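Each remark here refers to the structure printed beneath this line.
Every number in this text was worked out from the coordinates using simple rules, so none of it is lab data. None of these values were measured; they are calculated from a predicted model. Please note: Cβ atoms are built from the backbone with ideal geometry, for glycine as well, and neighbour counts cover all protein chains shown.
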Amino acid sequence: RAMSEAPFVRHAGRADLPVVAELAARHAEYEQAAPPPADLATRLAALLFGTPAPRLRCLVAELPDGRLAGYATCSPELSTWEGREYLHMDCLFLLPGHRGLGLGVLLMDAVAAEARTLGLEEVQWQTPTWNDGAIRFYDRLGARAVQKVRYSLPVAP
């Protein structure tokens, strides 16, 4: 494949998953969360490529030299209050040193394009309240913030 002269966003392929798993680990570290499981690349492969109609979508920001600088993942979800589906962006992460260069906008544009492809009218996501850089970025995009507290309840199998 010929190298691009500018960064671009594309769908992740199977060969990208070890790097996406490493980006996810860096993302978790950045957000001061527990690291992903060691077999994350395998788990992502099953979610992205394991069924005829996978729910998860993964987009990667590729630099002109072919390295990946970031990723975004998203999947359709339901809004009971609105009685419709929307696209939930679970992750958007760029490596330090690659922020503020327009890659975030490229990733957000690609996520919005995924929503349009699926016939969905809205993208929703969350970011930590302390992530001022991300909040400024999302505000500049014209996104609306909704204050909530996120809970997680482990359920034993």
Discussion item. Please compute one quarter of the surface area of the Cα convex hull for the stretch 32-97 and express it in square nanometres.
Written reply: 7.0 nm²
Worksheet item: About its Cα centre, how strong a charge dipole does the chain have in debye, to the nearest 20, once Lys and Arg get +1 and Asp and Glu get -1 at the Cβ?
Response: 40 debye
Worksheet item: Can you list the residues, at least 5 places off or on another chain, whose amide H is less than 5 Å from the amide H of Ala12, using H built in the peptide plane?
Response: Cys58, Leu59, Val60
Discussion item. About the Cα centre, and with charges only on the beta carbon of Lys, Arg (+1) and Asp, Glu (-1), how big is the dipole of the stretch 108-157? Nearest 20 debye, please.
Written reply: 180 debye
Worksheet, complete the sentence: If R0 = 22 Å, then Leu78 and Val146, at their Cβ-Cβ distance, give a FRET efficiency to the nearest 0.05 of 0.85
Worksheet entry | Residue-averaged 222 nm ellipticity for the chain, from DSSP H runs of 4+ at -39500 (n - 2.57), nearest 500 | -9500 deg cm²/dmol
Worksheet item: Label-point separation (nm) for Asp109 and Phe8, each offset 7 Å from Cα along Cα-to-Cβ?
Response: 1.2 nm
Discussion item. Looking at the calculated P(r) for the stretch 92-143, what percent of the C-alpha pair distances fall above 16 Å?
Written reply: 44 percent
Fill in: Burial order of peptide ranges 11-18, 146-153 (average beta-carbon count within 10 Å, highest first)
11-18, 146-153
Worksheet, complete the sentence: For the stretch 81-93, Karplus-derived ³J(HN,Hα) couplings (6.51, -1.76, 1.60; θ = phi - 60°; whole Hz; x for glycine and proline) come out as 4, 9, x, 7, 8, 9, 9, 8, 8, 7, 9, 8, 8
